[in-house]
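Below you'll find the structure, written out as structure tokens, and then a few comments.
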Amino acid sequence: MKSKSLPLNLEENKVAPAGYLPTYVSRDKKRLMIKTEHLNHHLFKSLLQEAESEYGYRHESLIVLPCKVDHFVNVLKEIDYCCD
């Protein structure tokens, strides 16, 4: 059975596990890990487009998404559902 991509909350772990990417979500920049295989999914790309609208192309070598954590988790659940 395929493992789910629900975000890992690894605040104390500064190094992302293999196959994961740290992503900062909401204005509080909650650090969550996501599977790198989901970066090209159209639902995740829509979150990146929201970030572009909010922050422009300026970045600090981080992926920062302006959405709420609950919305982010729901998007990842949908990605898991459609990719199973």
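A few points about this structure:
- In sequence order, calculated HN-Hα J values of the stretch 17-28 (Karplus, 6.51, -1.76, 1.60; Hz; x Gly/Pro): x, 3, x, 10, 10, x, 10, 9, 10, 6, 5, 7
- Burial ordering of Val25, Val75, fewest other beta-carbon atoms within 10 Å first: Val75, Val25
- Under 5 Å, built H, 5+ apart or other chain: amide partners of Val64: Tyr24
- Length gained when the stretch Gln49-Asp80 is fully extended (0.36 nm per residue, less Cα-Cα span): 9.1 nm
Quick note: the coordinates plus some simple rules give every number you see, no bench work behind them. What you see is a predicted model; the values in this text were computed from it and never measured. Every residue, glycine as well, gets a Cβ built from its backbone with ideal geometry; the counts of neighbours run over all protein chains shown.
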